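Undergrad: Take this structure, written in C-alpha cells, and hold onto it; I'll ask about it next.
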Amino acid sequence: MSKRRVLWISLVAVMIISSSLFMVGAGTKEAEEVVPAKVGGAGLGYKFILVSHGSSGDPFHSVVKQGMEDAGLVYGCAVQLLFSEGDNAKQVDLMEQAISAGPDGIGISIVDPVAFDEVIQKALDKGIPVISFNNDDANTPNPRLAYIGAAERAVGYQLGKTMQQYLKRGDHVVIPEEVPGMSYAVNRSAGIIDAMDEIGVTTEELDAGYERATTTSRIESYLMGHPETDGILNVGGLTTEVAGMVVEDRGLENKVVVGGFDLLPNTGPAIKKGITKAVIDQQPYLQGYYTVVQLAMMKYGKFAAFDIDTGRGIVDTSNVDEVLELVGMRIR
Amino acid sequence: MSKVQKKTKHRTGNLKKVLRYKDISIVIITIALFTIFTLVNKKFLTKENLFIIVKTTPELGIIAIGMTMLIISGEFDLSVGSTFAFAPFIMASLSERMGLHPVFALIMGIIVGVGIGFINGIITTKVGIPSFITTLGTMMAWRGAVLLASAGFPQAFQRDLPVARLFAGRLSGFPVQFIWFIVFAIIMWIILENTRFGNWTYVTGGNRNASVALGIPVDRVKIINFMIIGGLAALAGSIQVFRMGSAYSNAGLGMELQAIGATVIGGTMLTGGSGTIIGTIMGTIIIFSVENIIILSGAPAFWFRTFVGVIIIVAVSAHVLIQGRRD
C-alpha cells in the first residue's frame, strides 16, 4: 500500500469517526441542557474528590455523578469523581492520589471492611475530612466521619418485604447477582433472603454475570432448569432489566414475578406491563448531592458530620410514569 | 509438505471441503459434550433450551469469527469489547438524536467499527507496535470515548423498527440473529478457505518472513483483518442494541477475552497460522452450552465459574489429544 494511499484512508477514517463523535457530542449537549435547574452558586470555592468503586459506564453511578456535580454548581465547589471500576486495590491507590491533591474533603464508597481503614486514617491525619457514600463498612470500626446512603441489607429486606404480597409459602425465588461476593450483592441478597424466610419461600442465588448476552442466557437457562421458579428478585439494575425482558420473552408474565433495583431503560416498560412488580430506587442522585453538601458544610461552618439515610424509593405501577420523567432528567 | 500445499490438498474431496481435517476433533468434542449434557439433564436437547443458546450466542460468535481471522494472521484485538459499545452507540445516537434513517445509522456504525479496525491495523503494522499493546490502548481510548459521548447514560433505540427486527427479531419463533451469525460464518469460511486472501491470511500468520519473500502483502492482509473484526464487532454490538432497545456504554465488558477464548477452544493457535471458522463456531457454542448445562443442573452460585473453567479445560485437552493422535 503506498504511503499516499495510507494517508488518505487514515484521513477518511479519522474524519468519519470524529464527525460521528461531533454529531453525538452535539446531541449530548442538547440532552444535558434539559437536566436539572442550576440555581446559581454560593461560591464557596472548595475542592472535593469522591472516590467510587463503581464503573464510569454504569447508569447508576452516572446519576450519583450528576447529583455530585449539581451540588458543586449550587455551592460553587469544584468536584471530581474517580472510578476504580470494581477494583479495591485501585480504589486505595486513587484514594492515595486524592490525598496528595490536598482537597478540602473526600468522599469514598467503602466496599471492603478493612482495605480502606488505613488510607482513610491517613487523610484524617492530614486534616482532610472523609465521609463514605453509597457503600459503607457497617461491620468493623472505621474512622470515616459519616455515611451518606442506604443500608444495603435493609434495602434488600425492603425489596423482599415489598414482594411478599406476590408470593406464598412454598414458592421458589432465584436471586441473580451480577458480581457474587461484592458487598452490595452479599448484603442485599441477605436482606431479600430474610424477607423470604419470613413467609417460607425458598431462595437460590445465581451468578448471572455482567455482560447482557451472558446474563440473558444464564437467567433463561435457570428458568428452563427450574420450572418451579415463581419469582426473580434481583440485587442489581442490570439483572432487573434483563429478568423483566426474559420473563416477557418466555411468556411467563402470569407465572414469574420480578422485583429488583434501579430503572434501566427496559425496566420502566416492564413495570408498566406488570411484569416487574416493584423496584427499589436507591436515590443515587441524593447520594452524590448530599455527600458534597455535607463536605461543604463541614468546611464552611465546622459542622459535625452526621449520617444521612438517602431512603428507599419504591417504584411500581402507581408512580412509574412520574419517576421515568425524572429518569429522563437524570435525577432518578 | 508446506502449509500452502497442505491446504491445497485439503480442498479436494467433498466432505473435507466443509470439515477440514483439524475440524473433526472439535466436532467430535462438541457432539460428545452434547451427548453427556443430554444424559445429565434431558431438558438440554429440547428445542426450547437450544433456542436459549442460539439467541445469545451470535453476539459473541460474530466477534469470535473476526477474531479467528485476525489471530490466524498473527495478531490480536483487545479493543473489540470497546468497539462493541462505541460503534453501536454512534449508530443509536445518529438514529435517535440526529434523526438519521436507522439503516444509514447502522451503516455509519459499521463504518466506524471498520475505521477503528483500520486505525488498529495501521498503528500495528506501520508504526510497528505489537497489536496486544495497540489494541490495549485503543480498548481504553474507545471505552473512554463512549463514556464521554454518553455521559454514562444509556441511549434508547426503538426495538420495533424494521431494521431491529431484521437483525434481532424472530422467524417462526427462531432468533434471526443466529441466522446472521451463520451467514457471516459462511462468508468468512469462504474467504478463509477458498480465496487467495484467505490463503495469504494463513501464510502471513504462519511465517511472516516467508510470506514477505513470497511477495504477500502482509501488512495489507493484517490491516484488512483488523478492519473485518472492527466491522463485525460493530455489527454484533448493534444486534445487542436491537435486542435490548438501548445502547449502553458498559456493553461488551470482558468480551475480548471471551472471543479469544471461543477462538482458542475451537482450535485456533494463538501463535497464528492455524485455525478454522467451524472450530470457532463450535467453541462459541461450547462456552454457552457449558454455562447452560451447569445452570440447568443447579450448580451453586459460588461454584459456577469453577465448573465452567474445569469443563472448558477438559474439553480443550480432549480436543488437543484427539488432534494429536490424528496428526
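The values are calculated or read from the model by the stated rules, or taken from the named source; none is laboratory data. Everything numeric in this text was worked out from a predicted model, so none of it was measured. As a convention, Cβ positions derive from the backbone with ideal geometry for all residues, glycine included, and neighbour counts pool all protein chains shown. Note: accessible area is taken over every heavy atom of the protein model, side chains too, but ligands, DNA and RNA are not part of it. Shrake-Rupley method; radii C 1.70, N 1.55, O 1.52, S 1.80 Å.
Undergrad: Under the definition of Cα pairs under 8 Å and six or more residues apart, what whole-number percent is the relative contact order of chain B?
TA: 32 percent
Undergrad: Turning to a different aspect of this structure: When Rg is the radius of gyration of the Cα atoms in the stretch A:121-217 and Rh is its Kirkwood radius, what does Rg/Rh come to?
TA: Across the stretch A:121-217, the Cα-based Rg/Rh ratio is 1.11.
Undergrad: More than 34 angstrom separation, counting every C-alpha pair in chain A; what % is that?
TA: Beyond 34 Å sits 32 percent of the P(r) for chain A.
Undergrad: To the nearest 500 deg cm²/dmol, what mean residue ellipticity at 222 nm is calculated for the protein assembly as shown from DSSP H runs of n ≥ 4 alone, each contributing -39,500 (n - 2.57), summed and divided by the residues?
TA: After summing the helix terms and dividing by residue count, I get -19500 deg cm²/dmol.
Undergrad: Related question: Quick one: which bits of the stretch B:48-62 get at least 50 Å² less accessible when the partner protein chains are in, versus the chain alone, with a 1.4 Å probe?
TA: B:ILE52, B:LYS55
Undergrad: Pop a pseudo-label 7 angstrom from the Cα along the beta-carbon direction at both A:ASP307 and A:ASN319 and give the gap in nm to one decimal.
TA: My value for the distance between the label points is 2.3 nm.
Undergrad: Computed on alpha carbon atoms, what radius of gyration and Dmax characterise the stretch A:183-287, expressed in Å?
TA: 13.1, 40
Undergrad: State which entries of A:LYS90/B:LYS126; A:LYS90/A:LYS272; A:LYS255/B:LYS47; A:LYS65/A:LYS126; A:LYS65/A:LYS299 exceed 31 angstrom in Cα-Cα distance in the structure shown.
TA: Cα-Cα > 31 Å for A:LYS90/B:LYS126; A:LYS90/A:LYS272; rest within.
Undergrad: Separate question: State, in square angstrom and to the nearest 100, the accessible area buried between chains A and B, both chains counted, probe radius 1.4 Å.
TA: 4900 Å²
Undergrad: Here's something else I'd like to know. Suppose a student asked you for the relative contact order of the stretch A:256-300, using Cα pairs under 8 Å spaced at least 6 residues apart; what percent would you report?
TA: Computed over the stretch A:256-300, the figure is 38 percent.
Undergrad: What relative contact order, as a whole-number percentage, does chain A give when Cα pairs under 8 Å and 6 or more residues apart are counted?
TA: 19 percent
Undergrad: Taking H as built 1.01 Å from N, whose amide H comes closer than 5 Å to the amide H of B:ALA156, not counting residues under 5 places away?
TA: Amide H neighbours of B:ALA156, under 5 Å, 5+ apart: B:ALA247.
Undergrad: Averaged over B:150-160, how many beta carbons belonging to a partner chain fall within 10 Å of each residue's beta carbon?
TA: Neighbouring Cβ atoms belonging to other protein chains average 6 per residue here.
Undergrad: While we're looking at this one, here's another question. ³J(HN,Hα) across the stretch A:252-261 via Karplus (A = 6.51, B = -1.76, C = 1.60, θ = phi - 60°), whole Hz, x for Gly/Pro?
TA: Along the stretch A:252-261, the couplings run 9, 3, 8, 10, 10, 9, 10, x, x, 10 Hz.
Undergrad: Mind listing, in residue-number order, the residues in the stretch A:203-237 that have at least 50 Å² less accessible area with every protein chain present than in their own chain alone (1.4 Å probe)?
TA: Listed by number, the residues meeting the 50 Å² cut-off are A:ASP207, A:TYR210, A:GLU211, A:ARG212, A:ALA213, A:SER217, A:ARG218, A:SER221, A:MET224.
Undergrad: Now for a separate question. Counting only protein heavy atoms, what percent of the accessible surface of chain A is carbon or sulfur at a 1.4 Å probe?
TA: Of the solvent-accessible surface of chain A, carbon and sulfur hold 55 percent.
Undergrad: I've got another one for you. Computed on alpha carbon atoms, what radius of gyration and Dmax characterise the stretch B:183-327, expressed in Å?
TA: Expressed in Å, the Cα Rg and Dmax of the stretch B:183-327 come to 17.8, 56.
Undergrad: Rounded to two decimals, what is the ratio between the C-alpha radius of gyration of chain B and 2.2 N^0.38 Å?
TA: 0.99
Undergrad: If I compute solvent accessible area with a 1.4 Å probe over the protein chains, what percent of it on the stretch B:19-326 is carbon and sulfur?
TA: 73 percent
Undergrad: With a 1.4 Å probe and all protein chains kept in place, how do A:GLU211, A:GLU322 rank by accessible area, largest first?
TA: The most accessible residue leads, giving A:GLU322, A:GLU211.
Undergrad: Right, something else. About the Cα centre, and with charges only on the beta carbon of Lys, Arg (+1) and Asp, Glu (-1), how big is the dipole of chain A? Nearest 20 debye, please.
TA: Using Cβ point charges on Lys, Arg, Asp and Glu, chain A gives about 1080 debye.
Undergrad: What residues have an amide H closer than 5 Å to that of A:ILE308, excluding those fewer than 5 places away on the same chain, when H is modeled at 1.01 Å from N in the peptide plane?
TA: Placed amide hydrogens put A:TYR147, A:ILE148, A:GLY149 under 5 Å from A:ILE308.
Undergrad: Let me ask something else. When DSSP beta bridges are limited to those with both residues in the protein assembly as shown, what percentage is antiparallel, rounded to the nearest 5?
TA: Roughly 20 percent of the DSSP beta bridges within the protein assembly as shown come out antiparallel.
Undergrad: Roll a 1.4 Å probe over the protein chains and send me the accessible area per residue for the protein assembly as shown in Å².
TA: 40 Å²
Undergrad: To continue, here is another question. For the protein assembly as shown, what does the equivalent ellipsoid look like in terms of its semi-axes, each the square root of 5 times an eigenvalue of the Cα gyration tensor, given largest first in whole Å?
TA: Equivalent ellipsoid of the protein assembly as shown: 43, 31, 23 Å, largest first.
Undergrad: What FRET efficiency comes out for B:ILE179 versus A:MET329 if R0 is 41 angstrom and r is the Cβ-Cβ distance? Round to the nearest 0.05.
TA: For B:ILE179 and A:MET329, the calculated efficiency is 0.55.
Undergrad: Per residue of A:55-67, count partner chain C-beta atoms within 10 Å of its C-beta, then hand back the mean as an integer.
TA: Counting Cβ atoms of other protein chains within 10 Å of each residue's Cβ and averaging gives 5.
Undergrad: Could you check the simple spin-label distance between A:VAL179 and B:ILE24, using points 7 Å along Cα→Cβ, in nm with one decimal?
TA: 4.7 nm
Undergrad: For B:VAL112, A:VAL179, give me the order by solvent-accessible area with a 1.4 Å probe, most accessible first, ignoring ligands, DNA and RNA.
TA: A:VAL179, B:VAL112
Undergrad: Scan around A:LEU206 for amide H atoms under 5 Å from its own, H built in the peptide plane at 1.01 Å from N, and keep only partners 5 or more places away or cross-chain.
TA: Excluding prolines and chain starts, which carry no amide H, the hits are A:ILE175, A:GLU177.
Undergrad: Next question. Where nothing but the Cβ of Lys and Arg (+1) and of Asp and Glu (-1) is charged, how large is the charge dipole of chain B around its Cα centre, in debye to the nearest 20?
TA: 880 debye
Undergrad: Can you give me the Cα centroid spacing of the stretch B:171-230 and the stretch A:256-304 in angstrom?
TA: Using only Cα atoms, the two centres lie 47 Å from each other.
Undergrad: To the nearest 0.05, what FRET efficiency results for B:ARG165 and B:ILE187 with a Förster distance of 30 Å applied to their C-beta separation?
TA: FRET efficiency, B:ARG165 to B:ILE187: 0.85.
Undergrad: Taking +1 at the Cβ of each Lys and Arg and -1 at the Cβ of each Asp and Glu, which of B:ILE26, B:GLY273, B:ALA236 sits farthest along the dipole of the stretch B:19-326 towards its positive end, judged by Cα position relative to the Cα centre?
TA: B:ILE26
Undergrad: Extension gain A:ASN88-A:LYS273, at 0.36 nm per residue separation less the Cα-Cα distance, in nm?
TA: That works out to 62.7 nm of additional length.
Undergrad: Taking the Cα centre of the protein assembly as shown as origin and charging only Cβ (+1 Lys, Arg; -1 Asp, Glu), how large is the dipole, in debye to the nearest 20?
TA: The dipole of the protein assembly as shown has a size of about 3320 debye.
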